[in-house]
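Here the structure comes first, spelled out in structure tokens, and everything after it is commentary.
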Amino acid sequence: MRRVGFLLQVRQDTIEEYKARHKNVWPEMLAALRRAGWHNYSLFIRDDGLLFGYFETPDSFQAALAGMASEEINAKWQEFMAPYFENLGGAHADESMIELQEVFHLD
């Protein structure tokens, strides 16, 4: 499995609502993530809205993103969640993720 970490920026004035939306992620979206090979997916947020995401995938980060892009429910979810993010420049959040380089892993 490949471990992937990424960053996004949530608008500070929407953090609580953003967190609330993730308490009830659509079942179709959860199923799509599993089909696309996203495992152990977690999101962490700082008080200023900096969002760190982590997941494991048997493929590359780009392949995992492509898998989700092929899912119809993903486009709906991305559109639904778009107002919560900063600095997307008209793109969806999943198109704006900044992948982090892994420098250490305690096995």
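So which residues in the range 32-57 are among the acidic types (Asp, Glu) and either loosely packed, with under 13 Cβ neighbours inside 10 Å or at pLDDT below 95 (or both)? Within the range 32-57, Asp47, Asp48 qualify. Within the range 26-37, residues that are on the phi < 0 side of the Ramachandran plot reach partners that are surrounded by fewer than 17 Cβ atoms within 10 Å (Cβ to Cβ) and not hydroxyl-bearing (Ser, Thr, Tyr) with beta carbons closer than 6 Å, at six or more positions or on different chains, in the pairs Glu28/Ile73; Met29/Ile73; Ala32/Ile73.
Scanning the range 58-72 for residues that are in a loop (DSSP other than H, G, I, E, B) and in contact with a helix residue (DSSP H, G or I) (Cβ under 8 Å, 6 or more places away or on another chain), we see that the one that is surrounded by the fewest Cβ atoms within 10 Å (Cβ to Cβ) is Asp59.
More than 25 Å from Gln101 (Cβ to Cβ) and either modelled with pLDDT under 95 or under 13 Å from the mean Cα position of the chain (by Cα) (or both), is that true of Trp26? First the steps, then the outcome.
Values: more than 25 Å from Gln101 (Cβ to Cβ): yes; either modelled with pLDDT under 95 or under 13 Å from the mean Cα position of the chain (by Cα) (or both): no.
Criteria not met by Trp26.
Conditions tested, residue by residue: (1) part of a helix (DSSP H, G or I); (2) modelled with pLDDT of 95 or more.
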residue: Gln9; (1), (2): no, yes
residue: Asn74; (1), (2): yes, yes
residue: Trp77; (1), (2): yes, yes
residue: Leu88; (1), (2): no, no
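The values are calculated or read from the model by the stated rules, or taken from the named source; none is laboratory data. Here the structure is a predicted model, which means the values were calculated and not measured. Cβ coordinates were reconstructed from backbone atoms using ideal geometry, including for glycine residues, and neighbour counts include every protein chain displayed.
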